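The values are calculated or read from the model by the stated rules, or taken from the named source; none is laboratory data. Values in this document were obtained by computation on a predicted structure and should not be read as measured data. Methodologically, a virtual Cβ is constructed for each residue, glycine included, from the backbone with ideal geometry; neighbour enumeration extends over all protein chains shown. These area figures cover heavy atoms from the full protein model, side chains too; ligands, DNA and RNA do not enter into them. Shrake-Rupley method; radii C 1.70, N 1.55, O 1.52, S 1.80 Å.
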Amino acid sequence: MNNEILGGVRVLDFTTIVSGPYCTRLLADLGAEVIKIEPPEGDFIRTQPPMRSGKSAYFAHLNCGKKSIAIDLRQAGACELVRELATKSDVLVENSRPGVMARLGLDYATLAKLNQRLVYCSISGFGQSGPWATRSAYAPMLHAASGFDLVNLSYQDGLERPLNTGIYVGDVLGGTYAFGAIQTALLARERSGRGDSIDLAMMDGVLGMLVYEFQEAQFPQKKRANTFQPTRAKDGFIMIAAVKPNNFDALARTVGHPEWMADPRFADAKGRAANWPTFMAMLDEWASTRTAAECEATLNEGGVPCSRYFTVREALAQPHLEQRGSFSVIDDGAGPLKVPNPAFKFGNAAAEARGYVPALGADNVEVLSKVLGYSADRIAALYEKRILHDAGGQV
């Protein structure tokens, strides 16, 4: 399948860490030419584990399919080089603290004068304006600031301290929102002929995810919302998600208790909500004599939404994911590794991870010669001026 949805779209990627690279990785998965502009020392994520033979699998996961050019923006002439690249590009994505790109003369207002078709996406913690705009922001603090962490704590029993943060929901969500916003701006450009600026606040993204909690904060309820809790089997846990009435009826029949359907404690959603702890204890009792796999098989057979708890390693080994093509195997120079493909697939176009993982500055010559038409001598002069760098130590 060779149809590239974003084929011919050129993206200048000024992003680092997670949120921006997550966005631009998705653009690359759809065939965009993503040019990652890195400082001389490279993206910080290049040094983060898991490391193999000096290569970061974390970096490969977020940056496969991109090209890398290493530019020292502190050097005279470096920002002029970037502005020239912007005139030949369709999209620019950055996740610097608000104000940084303007000080460099690389903000939307400046670049739009040079290229009115440019779509310029700024990802930040709190947006480009407002009292919090200039605060540094990483996903863990956004989880705290948005209420996400304290809501999650309120759903736990017996805990008083917010849970540790190890999964960066705010970053991934922000990157996904940016990906969607860029597609929308590109579509609008086809109609108007003009690009646009996108001001994406990750804080807003996390708040938007808290659907019930956002409304409950305005209209407090007397009772905490019931949570989906793990059911304990004799060798592990299983999640049972009997959300709708037909799911509950199927559950009652499958576990051998059809009388639950007529029991006033459980017969309707209101009764189940009032007697939720009792109901969950009865499910624990049923599962206690069975393995988690046996519980899952029985419940699946009965049409009850459920799943065993797997580690990520166990999930990656599931035949379903391989058969669906949920991941690709790439090589970053340190050997093969799996990376996820986009969660969506198209019938007539490719949406998949690309195998190339760039070394720092590996594409300096290709980008400047093909995109800007620079000669070898002109590129060499940029190295001599210490504007260009690469992993081989050439400056």
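For region 149-160, the Karplus equation 6.51 cos²θ - 1.76 cosθ + 1.60, evaluated at θ = phi - 60°, returns couplings of 5, 6, 4, 4, 4, 5, 8, 9, 9, x, 10, 10 Hz by residue, with Gly and Pro reported as x. Note on region 285-395: Cα convex hull, mean projected area over all directions, 12.4 nm².
Of the peptides 55-61, 220-226, 14-20, the ranking by mean beta-carbon count within 10 Å, highest at the top, reads 14-20, 55-61, 220-226. By a 1.4 Å probe calculation restricted to protein chains, HIS257 has an accessible surface near 60 Å², given to the nearest 10. Charge dipole (Cα centre; +1 on Lys/Arg Cβ, -1 on Asp/Glu Cβ; no other charges) of region 226-273 amounts to roughly 120 debye.
Each listed q (0.12 Å⁻¹) maps to a log10 I(q)/I(0) for region 1-146 from the Debye sum over equal C-alpha point scatterers, namely -0.53. For region 154-224, the pair-distance distribution built from all alpha carbon pairs, in bins 10 Å wide starting at 0, is 16, 30, 30, 15, 8, 2 percent. Calculation over all alpha carbon pairs of region 268-321 in 5 angstrom steps from 0 returns a P(r) of 4, 16, 16, 22, 19, 12, 6, 4 percent.
These residues, ARG135, ARG25, ARG191, go from largest to smallest accessible area, 1.4 Å probe, as ARG191, ARG135, ARG25. For region 214-338, the equivalent ellipsoid derived from the Cα gyration tensor has semi-axes of 34, 21, 13 Å, listed largest first.
Using a simple spin-label model with pseudo-atoms 7 Å out from Cα toward Cβ, GLU294 and GLN48 lie 4.3 nm apart. Can you check what the net charge comes to around GLN156, using other residues whose Cβ is under 12 Å from the Cβ of GLN156 (Lys, Arg +1; Asp, Glu -1)? Result for the neighbourhood of GLN156: -1.
A cut-off of 5 Å between modelled amide H atoms, ignoring neighbours fewer than 5 places along the same chain, links LYS36 with ASP13, LYS67, SER68, ILE69.
Taking the protein heavy atoms of region 309-372 in the context of the full set of protein chains, the accessible area attributed to carbon and sulfur is 56 percent at 1.4 Å.
Start at zero, step by 5 Å, and the Cα-Cα distances of region 190-277 spread as 3, 10, 13, 16, 13, 12, 9, 7, 5, 5, 4, 3, 1 percent across the bins.
When GluC sites (Glu not before Pro) are flagged only if DSSP places them in a loop and at most 13 other Cβ atoms lie within 10 Å, the longest unflagged stretch of the chain comes out as 161-395. Using the Cα coordinates of region 46-100, the gyration tensor eigenvalues translate into equivalent-ellipsoid semi-axes of 27, 14, 13 Å, sorted from longest to shortest. Once the C-beta distance of GLU4 and GLU190 is scaled by a Förster radius of 25 Å, the resulting FRET efficiency is 0.90 to the nearest 0.05. Hydrodynamic analysis of region 1-42 uses the Kirkwood radius over alpha carbon pairs. Inserted into Stokes-Einstein at 37 °C and 0.692 mPa s, it gives a translational diffusion coefficient of 303 µm²/s. Antiparallel versus total DSSP beta bridges in the chain: what percent is that, nearest 5? Among the beta bridges of the chain, antiparallel pairing accounts for roughly 40 percent.
Cα centroid distance between region 223-259 and region 146-207, in Å? When both Cα centres are located, 31 Å separates them.
How big is D, in µm² s⁻¹, for the chain by Stokes-Einstein at 25 °C and 0.890 mPa s if Rh is the Kirkwood radius over C-alpha pairs? For these conditions, the coefficient is 102 µm²/s.
Summarising the label geometry, the points placed 7 Å from Cα in the beta-carbon direction at GLU301 and LEU150 lie 4.8 nm from one another.
Once the Cα-Cα distance is subtracted from the 0.36 nm per residue extended length, the PHE346 to THR87 segment shows a gain of 90.1 nm.
In summary, the convex hull built on the alpha carbon positions of region 94-214 has an orientation-averaged projected area of 8.8 nm².
Amide H to amide H distances under 5 Å link ALA233 with ILE238, where only residues 5 or more positions off or on other chains count and H is placed in the peptide plane.
Counting only protein heavy atoms and using a 1.4 Å probe, the accessible area of THR134 comes to about 80 Å².
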